[in-house]
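First comes the structure, then the notes that go with it.
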Amino acid sequence: MRIPEAIAERVKDILARLQERWLSRNLQGAESGRGAESGRGAVARRILIIDDMVPDPLFGAGYPRAYAIVRALVEAGYRVDVYPMVATPAHLSRMHAIFAGAIRVHSAEGARGLRRLLLREGATFDVLFISRPTPMRTYVGLRWRPGGHASTPPVIYDAEALIASLEKRRRELYGPAWSDRAYQAALTAELGRARGAAAITSVGPGDAGTIRSALNVPVFVLPHSVAARTGTPGFEGRQDLLFVGRLAGPAPYSPNVDAVRWFAAEVMPALDRLIGSGYRVHLVGWVKSPEVQSLASHRIVVHGVVEDLRSLYDQCRLFVAPTRFASGIPLKVIEAMSEGIPCVVTTLLAEQLDASKAALAIADGASHFAEACARLYTDAVAWEAIRDGGFAHVARAFSPFAFKHRLTEVLDHVTRPEAV
């Protein structure tokens, strides 16, 4: 028998009040006596992270970085709540397992659930950390303000990747192309929701510059956190090519699916003419694309999700990222460099990483991309030079220390007295 909606809502309200009483005793009452301290020696702050999904690194598409943010906050002593707009019970259970109960993950109930959470506990958070456009649009649409004399917590908007920039590049390939005026209008609409934020974080200097040109809001570059793994196998004994990324949706709307389809259709035939057909291409990631599944063969191995990529990183000779449209920063390339596997990428990705030809093999167009792959696949000296350059770039730009320092810097900025 279906429970009438009015009764169901009444039950939710009762449960909410009971939870609020529990929180009053266990969370708010602990404000004065809690002993945890942040990485800067201050009393631990309570942070609510609002995102499309839970911070599971297996999701790809920026979620490895989301995981790194949560992990860094936990390690620094902050008290972290996570509200995903969409999540299954299995996703929630996995979060409890990954973080061993160190974070509080709320059930995903969309805008209505977020509103209830803010009405119940919003004033107890020191910071709201909102990632991606949809959660930010939802938050702004709620027009929530705490009752009584409580002030609204400062908002950090994590832009993650600019959708307008991605769409502009996508249209250059698939059409119809945007005029500059249309692009600026889309960018203004996307970023307009963040005008009230206390700070904005961006994954790379390119997006940060675009945001600064559109908004008068402090912008911090918060890229990714990864530590290089030393002692990885050398050139000899390796074979095959590796691609890692979320593979979902049709090619015209998925940068990764477009990249894989283009590589299989145009780059592989050119590469076969240069080095023969004795290599395989391994595709790893969440696969929800019939186009990708149809490519599966004895030469293109579709693995799906692989929790521990170490054996594939050590087995394959090259990592390929033939991405033709994207925004943000290619986390998969950063992680591959940190694992000691040389990467062949497009100019677009090299610019997003602010990396030179000393750290990456960079090429555009099918024939040039194939030539770059062939050179590293057959030349041990060139292979080792790019591997070492990749290690150096990761250490310089993406060290865990630098990541944690920048994250703490952003939090300190929005919570200092003159900022709130």
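The values are calculated or read from the model by the stated rules, or taken from the named source; none is laboratory data. Bear in mind the structure is a predicted one, so any value in this text is a computation, not a measurement. We place every Cβ from the backbone using ideal geometry, glycine too, and count neighbours over all the protein chains shown.
Of all residue pairs spaced 6 or more apart or on separate chains, those with beta-carbon atoms under 7 Å, a first member in the range 298-311 that is surrounded by 15 or more Cβ atoms within 10 Å (Cβ to Cβ) and a second member that is in a helix (DSSP H, G or I) and not β-branched (Val, Ile, Thr) are 300/264; 302/293.
Of everything listed in (1) assigned by TED's automatic domain parsing to the domain that holds residue 134; (2) under 23 Å from residue 334 (Cβ atoms), the single unmet condition for residue 257 is (1). Within the set 227, 199, the sole residue that is touching a Pro at 6+ places or on another chain (Cβ under 6 Å), closer than 27 Å to residue 335 by Cβ and surrounded by fewer than 20 Cβ atoms within 10 Å (Cβ to Cβ) turns out to be 227. For the range 86-103, a tally of residues being under 20 Å from the mean Cα position of the chain (by Cα), surrounded by 13 or more Cβ atoms within 10 Å (Cβ to Cβ), farther than 20 Å from residue 142 by Cβ and not aromatic (Phe, Trp, Tyr) returns 7. Determine if the range 405-420 includes at least one residue that is assigned by TED's automatic domain parsing to the domain that holds residue 267 and buried (at least 23 other Cβ atoms within 10 Å of the Cβ). The answer is no; no qualifying residue exists. Screening the candidates 413, 368 for the property of being over 20 Å from residue 67 (Cβ atoms), touching a residue at least 40 places away in the same chain (Cβ under 8 Å) and not polar (S, T, N, Q) yields one hit, 413. Restrict the check to the range 340-350 and report whether at least one residue is closer than 22 Å to residue 238 by Cβ, in contact with a His (Cβ under 8 Å, 6 or more places away or on another chain), of a type outside the set (Gly, Ala, Ser) and crowded, with 21+ Cβ neighbours inside 10 Å. There is no residue in the range 340-350 that is closer than 22 Å to residue 238 by Cβ, in contact with a His (Cβ under 8 Å, 6 or more places away or on another chain), of a type outside the set (Gly, Ala, Ser) and crowded, with 21+ Cβ neighbours inside 10 Å. Per the conditions (1) touching a Pro at 6+ places or on another chain (Cβ under 9 Å); (2) assigned to a helix (DSSP H, G or I), the sole criterion not satisfied by residue 243 is (2). When residue 290 is tested against (1) in contact with a helix residue (DSSP H, G or I) (Cβ under 7 Å, 6 or more places away or on another chain); (2) more than 20 Å from residue 389 (Cβ to Cβ), just one condition goes unmet, and that condition is (1).
Close contacts from the range 116-129, counting a first residue that is touching a residue at least 12 places away in the same chain (Cβ under 8 Å) and a second that is of a type in the set (Asp, Glu), with Cβ to Cβ under 7 Å and a gap of 6+ residues or different chains, come to 120/20; 129/158.
Look at (1) at pLDDT 95 or above; (2) closer than 22 Å to residue 415 by Cα; (3) surrounded by fewer than 21 Cβ atoms within 10 Å (Cβ to Cβ); (4) not aliphatic (A, V, I, L, M) and you find that residue 51 fails only one, number (3). Among the residues of the range 343-372, those identified as aliphatic (A, V, I, L, M), within 24 Å of the chain's Cα centre (by Cα) and in a loop (DSSP other than H, G, I, E, B) are 355, 359, 360. Which numbered condition trips up residue 338, out of (1) assigned by TED's automatic domain parsing to the domain that holds residue 156; (2) in contact with a Phe, Trp or Tyr (Cβ under 8 Å, 6 or more places away or on another chain); (3) among the polar types (S, T, N, Q)? Residue 338 satisfies every listed condition except (1). Is the range 178-187 home to any residue that is under 27 Å from residue 48 (Cα atoms) and at pLDDT 90 or above? Yes, the conditions are met somewhere in the range 178-187. Answer with yes or no whether residue 83 is aromatic (Phe, Trp, Tyr), in contact with an Asp or Glu (Cβ under 8 Å, 6 or more places away or on another chain) and either surrounded by fewer than 19 Cβ atoms within 10 Å (Cβ to Cβ) or modelled with pLDDT of 90 or more (or both). Spelling it out, residue 83 is indeed aromatic (Phe, Trp, Tyr), in contact with an Asp or Glu (Cβ under 8 Å, 6 or more places away or on another chain) and either surrounded by fewer than 19 Cβ atoms within 10 Å (Cβ to Cβ) or modelled with pLDDT of 90 or more (or both).
A quick yes/no check of all residues on (1) assigned to a loop (DSSP other than H, G, I, E, B); (2) of a type in the set (A, V, I, L, M, F, W, C):
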position	(1), (2)
292	no, yes
298	yes, no
302	no, yes
314	no, no
323	yes, no
326	yes, yes
333	no, yes
337	no, yes
341	yes, yes
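Could you go through the range 194-215 and let me know if any residue there is within 30 Å of residue 152 (Cβ to Cβ), charged (D, E, K, R), assigned to a loop (DSSP other than H, G, I, E, B) and not assigned by TED's automatic domain parsing to the domain that holds residue 347. So far as the range 194-215 goes, yes, one or more of its residues are within 30 Å of residue 152 (Cβ to Cβ), charged (D, E, K, R), assigned to a loop (DSSP other than H, G, I, E, B) and not assigned by TED's automatic domain parsing to the domain that holds residue 347.
The set of residues in the range 56-83 that are charged (D, E, K, R) and either outside the structural domain of residue 113 (by TED's automatic domain parsing) or assigned to a helix (DSSP H, G or I) (or both) comprises 65, 71, 75.
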